Every structure is written in structure tokens, then in C-alpha cells.
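The values are calculated or read from the model by the stated rules, or taken from the named source; none is laboratory data. This structure is a prediction, so every number in the text was calculated from the model and none was measured. Note: ideal-geometry Cβ built from the backbone for every residue, glycine included; neighbour counts use all protein chains shown. Surface areas here come from the heavy atoms of the whole protein model, side chains and all, with no ligands, DNA or RNA. Shrake-Rupley method; radii C 1.70, N 1.55, O 1.52, S 1.80 Å.
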Number of protein chains: 4
Amino acid sequence: MSGNTLGTLFTVTTFGESHGPAIGCVVDGCPPGMALAESDIQPELDRRKPGTSRHVTQRREEDRVQILSGVHEGLTTGTPIALLIANEDQRSKDYAKIARSFRPGHADYTYLQKYGLRDPRGGGRSSARLTAPAVAAGAIAKKWLRVRFGVTIRGHLTQLGPNVIAFESWEYVDTNPFFAANRTMVPALEAFMDRLRKSGDSCGARLAVVAAGAPPGWGEPLYGRLDADLAQALMGINAVKGVEIGAGFAAVSQLGTEHSDEMSPEGFLSNHAGGILGGISTGQDIVAAIAIKPTSSIRLARRTVDVEGHPAAIETHGRHDPCVGIRATPIAEAFMALVLADHALRHRAQNADVDCATPRIPAAAATVPGKLASPLEDPDPQEA
Amino acid sequence: MSGNTLGTLFTVTTFGESHGPAIGCVVDGCPPGMALAESDIQPELDRRKPGTSRHVTQRREEDRVQILSGVHEGLTTGTPIALLIANEDQRSKDYAKIARSFRPGHADYTYLQKYGLRDPRGGGRSSARLTAPAVAAGAIAKKWLRVRFGVTIRGHLTQLGPNVIAFESWEYVDTNPFFAANRTMVPALEAFMDRLRKSGDSCGARLAVVAAGAPPGWGEPLYGRLDADLAQALMGINAVKGVEIGAGFAAVSQLGTEHSDEMSPEGFLSNHAGGILGGISTGQDIVAAIAIKPTSSIRLARRTVDVEGHPAAIETHGRHDPCVGIRATPIAEAFMALVLADHALRHRAQNADVDCATPRIPAAAATVPGKLASPLEDPDPQEA
Amino acid sequence: MSGNTLGTLFTVTTFGESHGPAIGCVVDGCPPGMALAESDIQPELDRRKPGTSRHVTQRREEDRVQILSGVHEGLTTGTPIALLIANEDQRSKDYAKIARSFRPGHADYTYLQKYGLRDPRGGGRSSARLTAPAVAAGAIAKKWLRVRFGVTIRGHLTQLGPNVIAFESWEYVDTNPFFAANRTMVPALEAFMDRLRKSGDSCGARLAVVAAGAPPGWGEPLYGRLDADLAQALMGINAVKGVEIGAGFAAVSQLGTEHSDEMSPEGFLSNHAGGILGGISTGQDIVAAIAIKPTSSIRLARRTVDVEGHPAAIETHGRHDPCVGIRATPIAEAFMALVLADHALRHRAQNADVDCATPRIPAAAATVPGKLASPLEDPDPQEA
Amino acid sequence: MSGNTLGTLFTVTTFGESHGPAIGCVVDGCPPGMALAESDIQPELDRRKPGTSRHVTQRREEDRVQILSGVHEGLTTGTPIALLIANEDQRSKDYAKIARSFRPGHADYTYLQKYGLRDPRGGGRSSARLTAPAVAAGAIAKKWLRVRFGVTIRGHLTQLGPNVIAFESWEYVDTNPFFAANRTMVPALEAFMDRLRKSGDSCGARLAVVAAGAPPGWGEPLYGRLDADLAQALMGINAVKGVEIGAGFAAVSQLGTEHSDEMSPEGFLSNHAGGILGGISTGQDIVAAIAIKPTSSIRLARRTVDVEGHPAAIETHGRHDPCVGIRATPIAEAFMALVLADHALRHRAQNADVDCATPRIPAAAATVPGKLASPLEDPDPQEA
């Protein structure tokens, strides 16, 4: 399958560039009979859209989504759902001068080497703007997972530059511009961002995504594992440089007695696995974390070369997010939703008739999603 | 495509279980006309095979590979290459008692929930033994990348439990049982492993894989990005819980002026990107790191439940690696090779006619592969 | 891959329904650097569009195509090309009364059984209107095949109901409303169609598609054979009930000495194979034929059942083609182009480095495309 | 996906060449929990295997199948099922002299042009011997369709060279060496084959395959239509030159009132559609027919060229079927089974929750499978 489609059965094929007439996608494989309207999708786009606070890019995009197909009398028909988002704020003149040199950290050089030409307006196809259609598609997946399986997918920012953000409560996530599950730190984060913006530099971020309510059994070993497909989807988000499932890199220095999650009739006693064992969901929370690099477009001068290979300096004065990670939470949620919906379909394709006599183990009682490196304190530590 | 195939054009489909008669794979899409014999593949299997030191499992498997098809008079024909590896040491009695309860950290519970039944002998399909066919397939990909593009792919262990292993030189990697690019620390690592083995517990590991010599242009944005596909392949290896490209999670606390790699006519000035920008290779070293969880099969008693859901205790006395990460280096190399070979084919499918007038920027002069969190010290740090 | 995408590397994903706001598609994998504008695509849509003669449906659709992405400054960029066609003439009231019963020969019953609901307006997704996006996508494939390889793809009607249409010359195809490569028979065909239309009934058709200029080597045995993929693409066109390659069903009663095409230094001596041997192109003309069933929507009363399963009668008074085969020639050409473009990419992915020392055999001097059952008279019949 | 895999969810990946050590396949996606042993597969291979009568090739191959994986304690586990068939009768010396020239009608020339080299022993990968693994895989699909849905798939020869074979009864199919559903004609067919064999020439054949018992709803419009995927699978069988669904090419000269199948509360009144409307199964018999070209390997001298392009003559004295169509019936059944199993999985992936309030229309009472060109006489002809 060509490079712009994600998924096997629940698929999304995106199109568009930052400054073309429109961006959008085709969602294929959505089950029929689900109520769907633009109003199911728009809130997710609104969470992602630029211009919602002074800490993100001031580009003005309404990001109004239009459903072109696949819905009849308010219900999905099982046929492809095409979604269209017009590009409104296309100040292409901003980008004229960068057409002839390569912005460090951007895809300018690699696109030119690959294709022999590139659309320099706003990064063209490589712009983070192209996450909008995926968020729209993810909203459909999210809804289906919720109404069909009771799955909820939520994310929150766990680190902003050097600032680690403790998890306090999910209810705070939508009350601040950072998607922080924390109320206490918000003023400090705002001050940090104000200083950063003034400095002209940018910073990275880390965030967590958690799916609650997924049944055991989703995932296709080997190689369509649930963790592998999550890694692909999440690493495919612009600016992501690392992906963890459950304990992630903290597992390196754990002992076996610490890491592997014991079980009891009351449920798993911890969730270092992040809800996935052998590539298949356990029924616990599915927990992933991603690292997002600092925005590459910054006001400070950077050394580079031009298209003839001569030395050049470049500074970027367009409207850019000083931390692209801030708006990444709804994006990561969308990609997790797309992967889970795909695997829900794949699982029942093969295993719809499985009648498992084995009782399902309840999920662990308490998962602390903010502490992803050690998602659950083991109530009875091992003697090892 | 179903769950046991990796890749789009250069594909590997594996089969087999830990204690069945044989394991193997079908490699499809390999270009024709390349010299290929079992002797090209066997050395990679030998690097991975059990029983080579006291620090790994003592299961005895010769892992002799047989080419069943796709090669005529010593040359690949372009048709599927089937590889067969007989299972020799199948002490299935070892596993009889674990058939009725779930080993913590293993896929026992998830396979049963997914399929309604499972092969308990040695973990069945979920055994790390199933990485052997992938290593064999990867040997073919590695050879093709080397003879066609001059690409070399090498890995090394960067952390063993709590022990961080500094990169000293590639030449040390094959001189110790740990794939450590370091000579100094080997005695300490051996002592650590002896203590660990005696304790009955297990530990995690971290390792790095580096591909040198890949040209710019490989990768299919969005969503078949090179980094995304690497993440999928590497996260799909048994026991992997995290994947990083380039700076990885260290990017979270970097500034934009630190992270994004500047360019000069002499080349990139650093490689925090890990050789990939916008999902496409830059021509620099492609650098990935993975986190491997501690072995779940340990001698110490663990709480679990049996297939009726009653409480149980389990301890595992089979032959197991106290650190599965030790043998993971050739495995990670193989998966990187498979992904790169696939993308080499995909790239030239679409872009064989691209004649890029833009000069290629040389790769950075010095990449220190052991320091993946900051792969290259910037010779002229930014003022930000 | 989900059900609305065709192709492996050069892919087209369509969306839309007969009476929704728009139909369209996303073309992915097109090589970069090719000049492309709406004016390259519109002529193919104009050949297919309704209302061009009294012999086809009088529905009014301008079928203006708009390129939404993938083209920058007049050149393809290698990123997805989204094409949009607005639906203009949506007289949905015409269809209100057929929503509750099943039209014989249509997909009404099967869509309802599959999805549990259906869009009855104009057949919804199953309307032949959905061939328009494929024709648009095919225009891009056609252009690339022409400029890159010199391939030309042409089709013509070889039978209209009981009327077999002899091949006279390609130049006549666009001079009559039937895509007949014949001038002599046109008045008789017009009279036949007038009588048919007056009767309220409909008829079937047969047509041939020929690609000239394709090099040997395209096709992926087994199972991505060129003939197999052509069969899939052509059988996937609405109303197609049969596909032949080369001699097709005439091969059943041929002898081996008749059918298999001999070779000489001057070229193949015949082309019963239709340009494909072992699933791979020979370099000769690639020749396919399809059978198209009579239009199911007719004015005459038909017995059926309603959605409660009660007996009903139905007659269709919308605007329908009395022979859907008449407008099928550009559609079949488009699908052949899409398959060939896909295989051109797939071939060079694996075999770009093949340097075949064997001289290419020239294609046969004379192929008579109208006589597909025996495409070339053997100049020197066998003695067997 | 690369070229040697068939299917999306229920997939088969084959490997091997006519004269290598072994041929085989990997079947992926088979649902778990089904009883499976070699004895379920062997009978289908025995129906296909050479040497069973004087009318087929005398090559001696036992074609014993071995299950290497995917079955535990007699039940499928849901993991890949690898099947191995050793090649026994490899008289490669027979083929030494044909290595340097191209056999007309064979893939010798096209493989060489595509890959730059070829395995000339017995046709290598392009040998019809490679249908054996597909027959083995198809046996698994057949069993699953039968035990899960009550689907039965049967084929029969409808024409042998010029001899049209009327359908008398399914019970005769396994009582003669031709898979003819006819007892009366067998002596004439034997005499015809004896004359043909003596002449040194070969002939074509036509056969029909019918699946009974499939529910409505299987098929993925557009483009994974059930008819399209059947066409791909059947056209992909060696020597097939044409595929028909239902009325097939006879639809060309039918009127709409003849072709489209009316419905009544008692069921469809005919089955010209061949059980598929809009790419989706209707619940009636699924009926396909294929044309098989005459064997290309014949004893009579044929003109060709050698690998330097010089004129040559070739006659083939190996052990060949004078009509490859004779053994094709189990092959065609296998491919239909593979396609249906794949679509059964795909359908329930998306539509498992569909609760269709509409009553299912019974299948037509009487389908005469031998008369595929007009599968059912309409009991009450239309007035049109």
C-alpha cells in the first residue's frame, strides 16, 4: 500500500499541503449504522486548531470539517467517509525566501532529495497542519470505540521542556492551554512559555495517551502487534522522536520481579506492560508516551546551505508554535484511536467465534497515568 | 495484510512455534541476481543463537538454516526465498505444568483471550525463538543493502540493567558476549550477570542500532515514514517497550537551537535527528535505540491466576536468558535491515527517475553511536 | 487494505455516492515532476460523461474535476493527488419510491444485507457514477505511462447487444457515440439503439482495451500477475460479468499449435497470449476484453420484493443508459492504465538493476485489435 | 504487499519451484479452534496430483503435505499454518536443452526479461506445479467455510477442446478422470484425449466452479468486490485466459429483461448474476467459469528464438499434460475457497454488528450449474 494510508481495515488516507486549497482524508472501513455528523468531529479539530492561546501559533484556521460522503440520513453507511477542510490563511509570501535554502530540522532537504522538487509553502506536505485530517479521522474512530466498546482515549502533557508535570486529575486537562492533568503548575508553565517565546527559541515536550476499556485480545502477533502498530502511528506524528509502551525505557533498569505484572483474581497488580503483552491487549489501560522534539522553525539565526550547496543563514519569522508538543495531545489521541479501531476490526475478523471459557482478569484497580515510567506502584513489593 | 508479514515490497512472512517441528519464513521481493547461500545467513543466526555463553539460555539449538527456494545456481531469482530452521531441543515436558496458569509478563493470558486456546510449549508462537527467522531474513536484506548501496548496519548494547555502557569502538562488539562496544566494562558486566543469575531474577537492557551509508530519500511520508516503520519493526521485537530515533526522549528537554541539526557545505553539523527528517532519510547515519524489558521467566515465585481464575504461584525453571536484551543486538540489526531494504525498493519504485540537481550534503564527519541521547556534540554550541 | 483502494504502489482511493455533495479520489504514488493540470484529466471525463448523445443517460453532470493537492507550480510533487468532482444534478425525489423495494439486477438487496442500511438515491455508492473518479485517476496514470514509456491505451466497442462490430480503424473510435472502431455500422447501431430505447428494454455490450508500447517484464507472479490484476480491475467495473486476456474463451477450443505464439528474430508471430505470459508482459500489445451486462434500470415492469419481503413490481423511470457499455470504453481504458502504472512501479522497485543481456524480441508486426478472439492470423499455419 | 501473497486477511504466501527441494506455503489468518490434520488437506492434493490417469502427466509426485506450524493438539491456533510438500521426481536433465531457448506459450522469455535470469528446470516458479500449495491452502479454507457456514464448493469440466460437456449430476464428477459432471460422454472424451495425445498436440478446456451456501453480504465495493477478487484469483491460475461470473459473456447479447434476476418471496427467480450483485454476494450460488488455454509444452516442433535471439526450433519431450484443464478443477475450487474465506473475514470485521431487519430472500430453487451461460431458465419469460 502506498505511503499515505494508515491502517489495514479501518484506514485513513490523507491528502493536501499546508498552503493548497484544502486538506482532507478518506476514512474507509468504518462500520455502518453509527450516528455521525460534523459536530462529532469538529470538537476534536477545535482542540487541535491554532490560535487558541498565546502559547501556540497565531495562524488563523477555522478548520471547519465537511463530510462529503459515507453518511446517509445521519448514519454511517459503511462506505468511505471523505472529510474536507479548507485552507484559509495561506500567507504564502511568508515562505518565498525560504524556498531556496534548507531549514535545519525540517524536511526541506529530504523532500528535495527524494522527489527532486518540493512545495516550500509552509512546509508543503510535511507541515504539522497535515495532522488535522488525522485528528478528524481519529474522531470517528474514537466515537466508534466509545459507542461500541466503551473505550475512552485521553492524553495529557507530562513534560514541557525541562518541566515535569505531575498527574493530578484528568479533569484539569481541558482547563489549561497545555493539556496538563495538573492545576498547580499552570502559572509556572505559562511563565516558562512566555520566556521561551521571547527568547526566540523553542522546546520539546512529552505526553502520555491512555485508552481505558479496551477488551483483551486486540493485536496481531507477529508483526501486526498492537504495540508495534501504536509505535508506527505515534512515531509517524510530526516531530515525534520516541515512543514508549507502559514502563518504556524505565524497563531497562527494572528487575524482572519489578517489571512483570502479577495477577490475582481481583486483577493485574500493576501495569508496567502498558496494557499489552505479546503484542495483544490485556484488558488493562493501554498506555503510551511520546517524545516531541522542539519546533524547528525559530526566530534565531541558524546555519544552513542553499539549494546550490553554499553556506547560508536562516531565521524563521512565520507564525509558529514555540512548542509543537502543546497541541499534540489531541493528535496522539487520534492516532491511538485509529490503531485501536483497526485492531478491533482485525481481531473480530479472525476471532469473532472465539468463546473463551477462561474468565477475564479485571484490569488493575488503580492506574496513575501521569507516572508512566512506573504506571502503578506495586502494593506489595517483591523481596528480590 | 494479515498479521505475520512485515514489509510492503521486501516482505518477510514467518511461521512456527517454539516447540513445533520447524520455524521459518518466506522472504519475498528480494531483487534478483544477488549471490546467496546458506553461508550468508548462518553467521547472523550464530550471533543470535542460544548457548554461546553462560549469560544466555542453555537451550541447545543449532539453528541451521536451509534455503528451500528462490535461489538458482547460487543467485537469487527474484522469486520467494523460503528459509527453514528445524527445532531440535524441544523439551516440552518442561512446560507441562505451566499450561494451566498464566506466567506474569508473558503472552499466555492474552493469547488465550484472543484465540481461545494456546500452545503452551515454550510460549508457542510468542517465544523469542521466533526472532530467528527474522534474523535469517534480515541477513538477506543486510547483504543486499551492502552490495547494492554500501550500507552497513551495526548494533551494540548501551545499557545492561543499571549499567550504562560507553561506546568505545565498534571493533569490540564481537569480542564479548554482550555486544558491548566497550572493552573496559566487560568484567564488571560479567560479574553483574553472574550475580543476577544466581539471584534468580532478570534485568532489562538498552541497545542502539546504526545504519551507515544509506542515501537521502528513503521513507514515505505520511504514513509510511522511515522512522514510523522502524518504530513498528523494532517495537515488534519481543520484550521491546520503547523506541527512539536519534535524540529520542532527550529531545524533550532540548531547545530548538540544540536539537535541530545545522548544515554546512561540509555536511550536517550534528545528528540529533538520527538521520531522518520528515520521515525521510537525510544521508546521515540512521540511529535508533530500543528498551528491552527484563525476562519474564524467572526462578522466583510470582503471584498469578490459573485458567479457572483461581490464585496461583508460578516459578519458571526452564532454560531462560536472564537478560533477553543480550541476544537482541543481531535481532535489532535484522529488523532495521528489513525496513531499509523495503524502503529502498519503495523509494525507487516512485522516484527512480528523479534527477536531483541539488548537491547532496555530506553526512556529519563524526557520529558517536554510543551517545545516542546526544549523538554528536555540536562543535559550536548555540548562544540560546 | 480496505475495500475502496485499488493498487499497491500507484493507488487510487475513491469516495462518494451518486447523490452526495461530491465524488472524488486520492491518487497516491504518482512519480514526481510530471506536468499535470485539470486539462490533462478533463478530456477523459468528458469522454465518459452523460448526456453527450441520445443513446446515453440524459442526466446532466458537467463532471468538472478539481485538483486539490499533489501538484505545485504545474508539476506533480510525489504526494497524494486529491481530485474532486461536484455532483450537480441530484434529483433525489426520483428515487424516493424505490427506497422500499429492491431493483432486480441492482445492488439494493446486497448493500442492505451487508450494511443493514443503504443510500437509495441513485444507487448511492453502487452507482456507475463512481467510475468517474477512476477515470480521472486513470487519466493521470495514462499520461505517466505515455510520457515515461510511450505506452498508449485505447479501447473500442466490439459488440452492442447482438451486433458484432468489426475493427476497421482506431481513427473512427471518437467519431461516433459508441466508441466503435468502425464507420460502416454506425447507422445500424443508431437504429438499433433507437428501437431498444423505445422498447424500454436494455442490452449488453462487449469491448476491447489494448495497451501498446509496454515493455516486457511487468507483472508479479504469483499472485500479483499482470493478467490477474487486470482481471480484478476490469471485473470491478460496474456491470462487468466477464474478462478475457488475449484469445480468452476462444482458447478453449484452440489446439496448442494454434494458441501458443511462436517467436522469430523479427518478433512474435501472433498474439493469442494478449501480451502476457506467466503473468508478465511480453512487450506485445496487452489485450483485454470485457462483457458488460444490460442495464438493470429499465422502464418495463419487473417482479421483486419490498423490504418486508412482500411481492412487488418495479419499473424505473429515472434517466438511465439503455446500454451502460456504451460509455464504458474510457472507463476500461482508465482501469487498464491504473494497473499498468502500478506494475511499472512494482517492477522497477525490485528489478531496476536488471541488465538483461538477452535481446528483446520485437512485438508482432500486425495486431488486429478488433478480432480479439483470434488477435492475429498466423501467417504460416501449423501442420498439426 | 509483494507478489506472492494472495488475500487480505485469510492469506496464502507460496514459495518454491518445480525442481527445487520443496514447495509450500504459509496460510495466515485462519480462525483458531478448527480441527485440522494433514488428512484434511491430502485428499484435495490427491485430486490434483499428476499420474492418476493416462490423460495427465506421468510425472510421479506423491505430493505428501506436512503441517509445520499453526496446529496444536489437532486444532488450529490462529497462528500461521506452514505447509510443506517435498519435490520428489526432479528429472532436471530433461530440461537442460531448453535452458537456452524460449518455449512458445511459456514464461521463459518474460521471466528472463523481468529478472535477468531464470530457473529453467521444469519452468521453475512458473510451473503449474506451484498450484499444489494453493490447493493445500484452499483445503483449509474449504473446511472452514464448510464447518462455519455450511458452504460447499464444487467444480466440473464443462468443455474439453471442442467437446461441450452437459451437466448431468454432481455425483459423476469424481467417477471419471475429467471432473465431468456427466457419465454419458466419458468414453468419447477418453477417445478424444487418446487421439490428441497421439497427435502430439494439446487442447484447451473450460470449467465451472460453484459455491453453494454462502450468505449474502460478502464483498467489498469498490474495489475489493467479490467478483473482482474471484477474477483476480482465477485469472492468476496458470493457463487461464478468461473468467466469467454468472452469465459472463452471454450477458452481452441478453436483454435487460432476460439478464437481471427477478425476486419473489420464494427467492430469486434466476441466477444470471452468478450470485453477486454490486460486488457483494446475494446468497445464491456463486458461479464462475474459466477458460484454460492448451498446454504449451507439446511434442510438435515450434519456431522460436534462442537467448541470443537467433531462430531455433523446439519440441518438448518431458512429461506434460495434453490438457492442463483436466487437473484444474480442484485448483479452481481452491482459489474460490481462498477468496470466499478472505471475504467472510473481511465482511465480519466491518459488519459483525449489523442486525438486518430485512428478511433474507431464499436462493433460487434450481440452479443448473452446467449451463453457466444461462444458469437458470426463467420459468416465466418476460414480455419484452
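Please report, in debye to the nearest 20, how large the charge dipole of the range A:5-351 is about its Cα centre when each Lys and Arg carries +1 at its beta carbon and each Asp and Glu carries -1 there.
On the way: 37 positive and 36 negative charges, 259 e Å.
Using Cβ point charges on Lys, Arg, Asp and Glu, the range A:5-351 gives about 1240 debye.
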Of D:ALA22, D:ALA137, D:ALA352, which has the largest mean-square fluctuation in a 10 Å C-alpha GNM of chain D? D:ALA352
R0 = 45 Å: FRET efficiency of A:GLU73 with A:ASP306, Cβ-based, nearest 0.05? 0.20
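Excluding C:ARG299 itself, calculate the net charge of residues whose Cβ lies under 12 Å from the Cβ of C:ARG299, where each Lys or Arg counts +1 and each Asp or Glu counts -1.
+2
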Positive-end residue, the range A:5-351 charge dipole about Cα centroid, Cβ charges, pick of A:ALA35, A:VAL186, A:PRO216: A:VAL186
The simple spin-label model distance between C:GLN66 and D:ASP89, using points 7 Å out along Cα→Cβ, in nm, is 6.7 nm
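By the gyration tensor of its Cα atoms, with a ≥ b ≥ c the square roots of the eigenvalues, what is the shape of the range D:18-75: rounded for a/c under 1.5, prolate for a/b over b/c, or oblate? Show your work: numbers first, answer last.
Numbers: a/c = 3.05, a/b = 1.99, b/c = 1.53.
Verdict is prolate for the range D:18-75.
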At D:ALA37, label 7 Å along Cα→Cβ: distances to the other copies, nm, ascending? 4.3, 6.0, 7.2
Please get the size of the charge dipole for the range D:1-54, origin at its Cα centre, with Cβ charges of +1 on Lys and Arg and -1 on Asp and Glu, quoted in debye to the nearest 20. 260 debye
Listing of the range D:55-70 residues, each with accessible area lower by at least 30 Å² in the full protein assembly than in the chain alone (probe 1.4 Å): D:LEU68, D:SER69
List residues of the range B:12-40, by number, whose backbone nitrogen lies under 18 Å from a label position 7 Å along Cα→C-beta of C:ALA352. B:29-34
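For the protein assembly as shown, what is the mean residue ellipticity at 222 nm derived from helices alone (per DSSP H run of n ≥ 4: -39500 (n - 2.57); sum divided by total residues; nearest 500 deg cm²/dmol)?
Rounded to the nearest 500, the figure is -7500 deg cm²/dmol.
Using a ≥ b ≥ c from the Cα gyration tensor of the range C:33-184 (square roots of the eigenvalues), is it rounded, prolate or oblate, where a/c under 1.5 gives rounded and otherwise the larger of a/b and b/c decides, a/b for prolate?
Details: a/c = 2.14, a/b = 1.21, b/c = 1.77.
Judged from the Cα gyration tensor, the range C:33-184 comes out oblate (a/c at least 1.5, b/c at or above a/b).
Enter the accessible area per residue of the range C:14-89 (Å², integer; probe 1.4 Å; all protein chains in place).
Working: 2250 Å² over 76 residues.
Counting only protein heavy atoms, the per-residue value for the range C:14-89 is 30 Å².
Quick one: net charge around C:LEU83, please, counting Lys, Arg +1 and Asp, Glu -1 for every other residue with C-beta under 13 Å from its C-beta.
Details: positive: C:ARG64; negative: C:ASP28, C:GLU38, C:ASP40, C:GLU44, C:ASP63.
Within the 13 Å Cβ shell, the charges total -4.
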For D:GLU73, go 7 angstrom from Cα along the Cα-to-Cβ vector, then report the distances to that same point in the other copies in nm, smallest first. 5.0, 5.2, 6.8
Ignoring ligands and nucleic acids, chains B and A bury, in total, an accessible area (1.4 Å probe) to the nearest 100 Å² of about 9300 Å²
Once R0 is set to 30 Å, what does the formula 1/(1 + (r/R0)^6) return for the Cβ-Cβ distance between A:ARG100 and B:TRP170, expressed as a FRET efficiency to the nearest 0.05? 0.20
With all protein chains present, chain C has a carbon and sulfur share of its accessible area (1.4 Å probe) in percent of 52 percent
Quick check on the range B:1-50: take the gyration tensor over C-alpha atoms, sort the square-rooted eigenvalues as a ≥ b ≥ c, and tell me if it's rounded (a/c under 1.5), prolate or oblate. oblate
B:SER18's amide H: which non-local residues (gap 5+, or another chain) put their own amide H closer than 5 Å, with H modeled 1.01 Å from N in plane and none for Pro or chain starts? B:GLY124, B:ARG125, B:SER127
Note on the range B:1-21: residues buried by at least 40 Å² of accessible area once partner chains are added (vs chain on its own, 1.4 Å probe) come out as B:MET1, B:SER2, B:GLY3, B:ASN4, B:THR8, B:LEU9, B:THR13, B:PHE15, B:GLU17, B:PRO21
Considering only the label points, 7 Å along Cα→Cβ from Cα, what distances in nm to one decimal separate C:ARG148 from the same position in each other copy, shortest first? 1.7, 3.6, 3.8
Around C:MET34, which amide H atoms from residues at least 5 apart in sequence, or from another chain, sit under 5 Å from its own amide H, with H modelled in the peptide plane? C:THR76
Can you compute 3J(HN,Hα) from phi for each residue in the range B:220-235, using the Karplus curve 6.51 cos²θ - 1.76 cosθ + 1.60 with θ = phi - 60°, rounded to whole Hz and x for Gly and Pro? 10, x, 6, 10, x, 5, 5, 5, 5, 5, 4, 4, 4, 5, 6, 5
Using a 7 Å offset from Cα along Cα-Cβ at D:SER53, what residues in the range D:322-337 end up with backbone N under 20 Å from the label point? D:322-334
Mean-square fluctuation maximum in Gaussian network of chain A, Cα pairs under 10 Å, restricted to A:ILE286, A:ILE276, A:ILE314, hits A:ILE314
If every Lys and Arg gets +1 and every Asp and Glu gets -1 at its Cβ, then about the Cα centre the protein assembly as shown yields a dipole, in debye to the nearest 20, of 0 debye
Please build a GNM for chain B, connecting alpha carbons under 10 Å apart, and tell me which residue among B:MET185, B:MET235, B:MET336 fluctuates the most. B:MET185
Each residue of the range B:106-116 in order: what ³J(HN,Hα) in whole Hz does its phi give by Karplus 6.51 cos²θ - 1.76 cosθ + 1.60, θ = phi - 60°, with x for Gly and Pro? 9, 8, 4, 5, 6, 4, 5, 5, 6, 9, x
Model label zone, C:THR152; criterion: amide N under 18 Å from point 7 Å along Cα-to-beta-carbon; scope the range C:207-235: C:208-215
Taking a threshold of 30 Å on the Cα-Cα distance, which of the pairs B:LYS143/D:LYS143; C:LYS114/D:LYS293; D:LYS49/D:LYS142; C:LYS198/D:LYS293; B:LYS49/B:LYS142 fall above it? B:LYS143/D:LYS143; C:LYS114/D:LYS293; C:LYS198/D:LYS293
